[in-house]
1. I'd like to know which of A:Ala279, A:Pro249, A:Phe181 lies farthest towards the positive end of the charge dipole of chain A, counting +1 on Cβ of Lys and Arg and -1 on Cβ of Asp and Glu.
2. Could you let me know the centre-to-centre spacing of the range A:96-149 and the range A:156-174, using Cα atoms, in angstrom?
3. Would you mind computing, in nm to one decimal, how far apart the modelled labels at B:Ala116 and A:Arg159 are, each placed 7 Å from Cα along Cα→Cβ?
4. Can you give me the convex hull volume of the Cα atoms of the protein assembly as shown, divided per residue and expressed in Å³?
5. Rounding to the nearest 20 debye, state how big the charge dipole of chain B is about its Cα centre with +1 on each Lys and Arg Cβ and -1 on each Asp and Glu Cβ.
6. Quick one: dipole size for the protein assembly as shown, taken about the Cα centre, charges +1 on Lys/Arg Cβ and -1 on Asp/Glu Cβ, in debye to the nearest 20.
7. Under the 0.36 nm per residue contour assumption, what length would be gained going from the current alpha-carbon distance of A:Glu77 and A:Ala216 to full extension?
8. Pairs of alpha-carbon atoms within less than 8 angstrom and 6+ residues apart define the contacts here; what relative contact order does the range A:95-153 have, in percent?
Amino acid sequence: MMLWENILLALDALRVNAMRTLLTLLGVVVGVAAVISVIAIARGGQAMVIREVEGLGSGMVWIEPNLAEQSDFTRLELLDQRDLEAVSLLPGVAEASPMISTSMPARVTDESRDITVTGVSAGYARVRNLDLAAGRYFTEREVAAGQRLAVVNEQVVERLFPGAEAGDVIGEVLWLDRHPFVVVGVLESTSGLVASVGGFEEAQVPFTTLSRLTGADEFLAIFVTPEEGADLDRLMEDLRAAVERHHGPGKFSVNSLDQVLGAIRSVTDIMTLVVAGIAAIALLVGGIGIMNIMLVSVTERTREIGIRKAIGARRADLLSQFLVEAVVVSSLGGIIGILVGAGLVALVSAVANLPSLLTPGSILLAFGFAVLVGVVFGVYPANKAARQDPIEALRYE
Amino acid sequence: MSEAPLIRLRGVSRVYRTGSVEVAALQGVDLDVEAGEFVAIVGPSGSGKSTLLHILGCLDRPTAGQYLLKGRPVDGLSDDELAVVRNRELGFVFQSFNLLPRMSALRNVEQPLIYARVPAAERRRRAAEALERVGLGHRLHHRPNELSGGERQRVAVARALVNNPSVLLADEPTGNLDTRTGRDILALFRQLNEAGVTVILITHDLEVAAEARRIVEIRDGRIVGERRGDAP
């Protein structure tokens, strides 16, 4: 009963000074809108980055030289056939695919340019989630036989087969150094941010063929697809043990995409928190505005306070009247701020093509914070009202 | 004496201290008011009559002496307990009406009942009744600035009466009214008194005081005399 009375009184008081109320509200509106939109946009960006990284091969695990330990690049110890066999035999490994990487001059007609040539096994396409725009990937048998087949990416098509579509280059000959390769497939271009940063020309060929041509029989990395439901931590431990049996401890690291995702998440979470914290300062400033106006209001209404005391208002009655007034201001600001923030998020996600993630949690958080600001900054003025001496207050002109 | 009077002051003093200077606004005041009386307290400005009203109205505490209201001491009560006493036992009428400007007459009269935790529907009924009683049944939804001075003071009287107090305390209630309207308000007080309401009226105007049945004169913080008024 009392609360409802106080809300009515507060709305009354706020209506009398509509302009003043509006300006006071504005501080809270800006703060709440900023908090909400920052959190939503940051979450949207995070989701986008995570989706991209997952596109690199979900659940993928790989072994690569630990560059922190092996700092001398000229004597870099790499992985070899023994490691590949040991890894393939481990329980929980569905597929293991080695990778050799080198750079070679490539040409189709006269013009030659250096491109990345990656030697891989037939399973590499599956392990790395690669899709084909045209043609096919080479088979295990072709890898075992060391055939001269190549799967190229779209950048290669663009640069070396000017004007050709992906489908047109299947069956064409691509010269790598002095060796002719038949193009059997074209990789689908990944439109994502991460892939487009890579943007270099690449031809993938059977690793057997590449190591025979270059004399290199060591691998830069081994990519592993875990079996469905395998214990990832256990598997990574086994992989490390298998590699260390041949090379000794510390020279290679075992990584998983899950770890990378976790790192991205924690970094973006911290960034979100920092920016939201800065936005929350705006809300705090809004709270100071509320306190300022409430102090003015208490002074202006000294007479009213005296009258209320004379007719029997207790301290708690006046305290709650003015506290409710402050909270009504901050809550109204909160509600308007949520609407403005939601609009802002919709606008940004439409313009920047980000997924918008306006969660009920962040809305509730911002609203709760706004109400809290009202309480915190309303207590002092309300207490000042409640403690007035009734006789002094009645005399106030 | 068998029964305690409604109000009993014994040796009540009120000393104001400003720095090292002490000013005694009241000095050893003894006063008994029985239920149903119509008392005027009269004195020139600075005589201490306002201080006396504040003490009677539980807005202030005596620095010495005792105040019994309905036989119970009120000088030891806390601020919140005094607020409850003001709400239940006392009704104030001020010289400058002291209505809340943004509210209708009805809402103004309802306010004391809000603090008495009376439910909304009953509150409205009782406030309307109180306004009927002071002759403003046709002005329930007017705001103070839409009412004449006399009507405003009637709203204030209705607000003072709405919680059925033991005493109606009026501080120069005709001070802001013209002579005729002032007379009407005094007639209202007399009428309420005849219906059983105890009225204590404070004024500097002997003509106004004469409306009471009993006149108490105060000067320099002491009661200096007492006589019967014109009222029957």
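Laboratory data are not the source of any read-out in this text; all were calculated from the coordinates shown. What you see is a predicted model; the values in this text were computed from it and never measured. A quick note on method: Cβ atoms are made from the backbone with ideal geometry, for glycine too, and the neighbour counts reach across all protein chains shown.
1. A:Ala279
2. What the calculation gives is 15 Å, centre to centre.
3. Distance between the two pseudo-spin positions: 9.3 nm.
4. Dividing the Cα hull volume of the protein assembly as shown by its residue count gives 263 Å³.
5. 580 debye
6. 4140 debye
7. Once the chain is fully extended between A:Glu77 and A:Ala216, it gains 48.8 nm.
8. Once normalised by length, the contact order is 28 percent.
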